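Colleague: Right, I'll just put the structure down here and ask away after.
The values are calculated or read from the model by the stated rules, or taken from the named source; none is laboratory data. Only a predicted model underlies this, so the values are computations on that prediction, with no experimental measurement involved. Because the Cβ atoms are built from the backbone with ideal geometry, glycine has one as well, and the counts that use them run over all protein chains shown. Ligands, DNA and RNA are stripped out before the accessible areas are found, and what is left, the full protein with its side chains, is counted by its heavy atoms. Shrake-Rupley method; radii C 1.70, N 1.55, O 1.52, S 1.80 Å.
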Amino acid sequence: MPPTVLTARALLLDMDGTLVNSDAVVERCWRRWAVEHGLDPEAALKVVHGRQGYATMAVLLPDRPMEENHADNRVMLAEETADVEGVVPIGGAPVFMAAIAELPHALVTSADTALATARMGAAALPMPAVRVTAEQVGASKPDPEGFLKGAAELGFDAADCVVFEDSEAGIAAGRAAGMRVVGVGPRAAALAPDVHVEDLTRVRVEAAANGSIRLHIDAA
């Protein structure tokens, strides 16, 4: 099958599960939190990916006051930032990031700045100059705010951007922003993104003469 080709003016990149494999840390921290709150850890892990922590807690404990979720989230962020054991790049991420270094792109993550810096550093990946982190949005994915802010900061319309995401919340956010979505990894496979890849080794980046970005994608 020939590769799928997507043309964009800018790329918006999720971090966890898309550029960085942080599943080991996420599972350690959220299993501990779930047990402490009398929840089934396996059920909790089905909803944690892609969202900010307080939003996950609101899904899992819908009757709990939101201020308690925010307080717990601050503790969770500190724990996750301090724990980078097992954090590694997604397959192909170093080459992919090198290929887009001079092209318009932004990180759009549910992590805060400290956590994003810790994980990108642990995975030895360059931090994009433009980034939208948890501190900069009022609503967590699946709300499209983060992606729309990323596009605006880069100076491009939503329709000219392609999102790279791994989670249900993130893919929903990209769609809600009116952007095309490349789903990365096993979580994305069942979520019907515009195109799905096993990892970033399946993506080749070409800078076109007119300034656009051509993504040659060997779909999974």
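Colleague: Using a 1.4 Å probe on the protein chains only, how many percent of the accessible area of the range 41-165 belongs to carbon and sulfur? Write out the running numbers ahead of the final one.
Modeller: Values: 3130 of 5440 Å².
Of the solvent-accessible surface of the range 41-165, carbon and sulfur hold 58 percent.
Colleague: So what's the Cα pair-distance distribution over the range 109-220, bin width 5 Å, in %?
Modeller: Values per bin, smallest distances first: 2, 12, 18, 22, 25, 16, 4, 0.
Colleague: May I ask for the distance between the Cα centers of the range 35-79 and the range 84-126, given as a whole number of Å?
Modeller: 24 Å
Colleague: If you count the DSSP beta bridges with both ends in the chain, what percent of them are antiparallel, to the nearest 5?
Modeller: Bridges in the chain are about 40 percent antiparallel.
Colleague: Related question: What's the long-distance tail for the range 1-76, i.e. % of Cα pairs beyond 18 Å?
Modeller: Working: 1377 of 2850 pairs.
Distances greater than 18 Å cover 48 percent of the Cα pairs.
Colleague: Each label point is 7 Å from the Cα along the Cα-to-Cβ direction; what then is the distance between the points at residue 75 and residue 190, in nm?
Modeller: The two pseudo-label positions are separated by 3.2 nm.
Colleague: Calculate one ³J(HN,Hα) per residue across the range 164-181 by plugging θ = phi - 60° into the Karplus curve 6.51 cos²θ - 1.76 cosθ + 1.60, and present them in order as whole Hz with x for glycine and proline.
Modeller: 10, 8, 10, 10, 4, 5, x, 5, 4, 5, x, 4, 4, 7, x, 10, 7, 10
Colleague: Going highest first, how would you order 40-53, 201-214 by mean Cβ packing within 10 Å?
Modeller: Details: 40-53: 18.1, 201-214: 14.3.
Ranking the peptides 40-53, 201-214 by packing returns 40-53, 201-214.
Colleague: To the nearest 0.05, what FRET efficiency results for residue 27 and residue 68 with a Förster distance of 25 Å applied to their C-beta separation?
Modeller: Numbers: r = 23 Å, r/R0 = 0.91.
Efficiency computed from Cβ-Cβ geometry: 0.65.
Colleague: Calculate the tail of P(r) for the chain: the fraction of all Cα-Cα distances greater than 26 Å, expressed in %. Intermediate values should be presented prior to the final figure.
Modeller: Working: 7342 of 24090 pairs.
Considering the chain, 30 percent of its Cα-Cα pairs are separated by more than 26 Å.
Colleague: Sticking with this structure for a sec: Just the number please: accessible area per residue for the chain, 1.4 Å probe, all protein chains included, in Å².
Modeller: On the way: 9560 Å² over 220 residues.
That works out to 43 Å² for each residue.
Colleague: With n ≥ 4 as the cut-off for DSSP H runs, can you work out [θ] at 222 nm for the chain, using -39500 (n - 2.57) per run divided by the number of residues, rounded to the nearest 500? List each step's numbers first, then the result.
Modeller: Numbers: 8 runs with 80 residues, N = 220.
The helix-only estimate for the chain comes to -10500 deg cm²/dmol at 222 nm.
Colleague: Using per-residue counts of other Cβ atoms within 10 Å, averaged over each peptide, order 88-98, 28-38 from highest down. Walk me through the intermediate numbers first.
Modeller: Details: 88-98: 19.0, 28-38: 15.4.
Going from most to least packed, we get 88-98, 28-38.
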